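Student: Right, I'll just put the structure down here and ask away after.
The values are calculated or read from the model by the stated rules, or taken from the named source; none is laboratory data. From a predicted model like this one, the values you see are computed outputs, not experimental measurements. Here the Cβ positions follow ideal geometry from the backbone for every residue, glycine too, while neighbour counts run over all protein chains shown. Ligands, DNA and RNA are stripped out before the accessible areas are found, and what is left, the full protein with its side chains, is counted by its heavy atoms. Shrake-Rupley method; radii C 1.70, N 1.55, O 1.52, S 1.80 Å.
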Amino acid sequence: MKVLDKYILTTYLKSFFSVFIILMFIFILQSVWLYISELAGRGLDLIIVLKFLWYVSPRLIPLVLPLTILVTSLMVFGGFSENYEFAAMKSTGISLQRAMRSLTVFIVLLSVLVFFFANNVIPYSEYKWLNLRRNIQQFKPSMAIAEGQFSQIGDSFNIKVDEKSGDNDRFLSNIVIHQKDAKRISGNHTVIIADNGELTSEEGSNTLSLVLKDGNYYSEVQSKDPKRRKKEPFVRSYFEEYIINIDLTEFNNKDVEKENKLNNQNMFNADELRAEIDSQSQRYTNTIKAFSNNMYYRAGMAKFHDKSKKSVIFSKSNDSLVFKPTDTLINLFNEKHQASIVKLALNNIKSTLQSVNSKKKEYILKTKRLNKFEIALHDKYVLPIACIILFFVGAPLGAIIRKGGLGMPMVVAILLFLTYHFIGIFAKNSAEDGTLSPIIASWMSTIIMLPLGVWLTHRATTDQGIFDMGAFMERITNLFKKKE
């Protein structure tokens with residue numbers, strides 16, 4: 001390696017690691033602020049909190065690394081131009097492309113490493129992070145009861161309270177409880193309303209006692225008699241004190257390493273994503289075919305299917321069938337039967353439309369899930385390519401603006417990265433609901449940055465600014481002279 005390449009690479013690496021550490025620290029703080037409600041007040045050890053941050057760090061790399069490359073390139077090449085180091089290089093016949101050669105090799109090698117990181121490390125850390133989040137939620141049962149909304153405690157209770165107070169939020173006010181019946185398939189058939197209550201539990205006990213005071217108890221009565229069932233009978237009672245014991249075996253099992261069954265598109269590597277996409281696509285296609293066939297036979301169209309593909313329509317006249325090309329099958333029946341047939345057909349159409357509308361939401365969710373998996377697959381390839389392209393945006397732009405340090409380069413880099421990032425977010429949101437192709441959505445922001453990098457590299461190589469005001473005014477002047 002020549003002295004110049006070593007000097008440029010060393011300068012770049014010093015700034016690169018400094019900027020990377022600063023940005024990673026900022027994004028981790030932002031994650032702490034985002035998930036503070038899940039960590040605070042649960043009596044967690046410092047080791048568990050640090051483990052939470054350790055698992056959340058890899059999923060920040062797709063944001064931090066491209067921004068780091070962009071900021072560092074602007075800083076380093078802006079500093080070279082500001083200190084006339086590029087002028088000295090050019091005076092000895094060294095072009096911008098030659099100066100960027102060692103860094104180009106470094107960025108390409110880094111991009112290859114980033115792909116393996118995104119394909120192996122990030123899926124593993126994503127699973128461990130979501131798994132840890134679920135286990136942390138089991139630590140403090142009182143924290144699971146949120147104010148102003150229904151919260152599920154165990155498998156049988158949904159609890160809503162207006163306010164919590166006292167030590168460890170033990171005192172509750174305006175309580176509404178929906179209790180599920182294990183013998184019934186679905187529905188909240190028991191409702192308990194109380195003015196206030198208290199959470200009590202003995203040390204080391206797996207049972208949480210909820211003491212309710214001054215309330216009412218409502219329960220539906222399930223009768224086997226259909227006539228009585230239509231009257232919707234229920235039982236209502238008033239109580240001054242009512243105690244509910246809730247099994248907290250799962251809550252008291254404070255094992256943060258417990259493995260849960262989780263399924264998320266970010267937990268798969270590229271090979272697993274391809275297999276999952278193929279599997280989901282096949283299942284989705286089979287579901288659509290089965291539903292369409294069901295609607296076809298349900299509508300009765302199969303009865304009118306003619307294998308000879310010849311349509312012959314007859315009408316009844318003088319006890320014989322006479323062919324009429326413009327007639328319809330309904331005219332074969334009298335008016336009374338025609339009205340019944342039309343009514344039956346309308347009811348059939350309404351039923352079919354209801355079935356289609358009910359299935360529509362299900363298919364939308366399946367399409368959205370499939371699109372998410374396709375986006376996750378292409379994101380693994382977009383990230384390394386984006387690192388290379390953003391380098392070729394930042395390096396020539398830094399040479400053009402001729403400003404080093406953390407001032408102007410940081411402002412320009414943030415503006416460019418926000419543009420790149422928001423384009424990607426909007427495109428992916430459009431792709432999830434099927435408005436845009438997942439492939440186009442994943443690559444859109446990177447493809448937009450590609451011509452910008454080529455244009456900036458050409459401008460920096462030919463010693464031109466971003467915008468040549470003199471040439472612009474000269475063209476305007478020549479335009480007016482031609483008109484005269």
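Student: Which ³J(HN,Hα) values in Hz, rounded to whole numbers, follow from the phi angles of region 211-216 under the Karplus curve 6.51 cos²θ - 1.76 cosθ + 1.60, where θ = phi - 60° and Gly and Pro get x?
Tutor: Those phi angles translate into 8, 9, 10, 6, x, 10 Hz.
Student: Rank these residues by their accessible area, most exposed first, probe 1.4 Å: Thr92, Thr461, Thr352.
Tutor: Per-residue accessible area, sorted high to low, gives Thr92, Thr461, Thr352.
Student: Using packing as a proxy for protection, rank 281-290, 443-452, 393-402 so that the peptide with the highest average count of other Cβ atoms within 10 Å comes first.
Tutor: 393-402, 443-452, 281-290
Student: Sticking with this one: Which entries in Lys289/Lys368; Lys51/Lys368; Lys90/Lys403; Lys128/Lys180; Lys360/Lys380 show an alpha-carbon gap greater than 24 Å?
Tutor: Violating the 24 Å Cα-Cα cut-off are Lys51/Lys368; Lys128/Lys180; Lys360/Lys380.
Student: Tell me, what ³J(HN,Hα) does each residue in region 170-178 have, in order and in whole Hz, if you take phi through Karplus 6.51 cos²θ - 1.76 cosθ + 1.60 with θ = phi - 60° and put x for Gly and Pro?
Tutor: Couplings: 7, 9, 10, 10, 6, 9, 10, 10, 9 Hz.
Student: Can you list the residues, at least 5 places off or on another chain, whose amide H is less than 5 Å from the amide H of Arg170, using H built in the peptide plane?
Tutor: Here Ser165 satisfy the definition.
Student: From the square roots a ≥ b ≥ c of the eigenvalues of the alpha-carbon gyration tensor of region 1-96, which class results: rounded (a/c under 1.5), prolate (a/b over b/c), or oblate?
Tutor: Taking the square roots of the gyration eigenvalues as a ≥ b ≥ c, region 1-96 is prolate.
Student: Keeping all protein chains in place, calculate the accessible area per residue for region 376-435 (probe 1.4 angstrom), answer in Å². Walk me through the numbers before you get to the answer.
Tutor: Working: 2560 Å² over 60 residues.
So region 376-435 comes to 43 Å² accessible per residue, rounded to a whole number.
Student: Could you order Val176, Val235, Val114 so the one with the most accessible surface comes first? Probe is 1.4 Å.
Tutor: Ranking Val176, Val235, Val114 by accessible area, largest first, yields Val235, Val176, Val114.
Student: Non-local amide H neighbours of Asn196 (under 5 Å, H modeled in plane, Pro and chain starts lacking H): which ones?
Tutor: Asn174, Ile175, Lys213
Student: Give the dimensionless ratio obtained when the Cα radius of gyration of region 71-115 is divided by 2.2 N^0.38 Å. Intermediate results must be reported in sequence, preceding the final value.
Tutor: On the way: Rg = 12.4 Å, N = 45, 2.2 N^0.38 = 9.3 Å.
Compactness ratio reported: 1.33.
Student: Applying the Karplus parametrisation 6.51 cos²θ - 1.76 cosθ + 1.60 with θ = phi - 60° to the phi angles of region 237-245, what ³J(HN,Hα) value in whole Hz is obtained for each residue in order, glycine and proline being reported as x?
Tutor: Couplings: 9, 10, 9, 8, 8, 9, 10, 10, 9 Hz.
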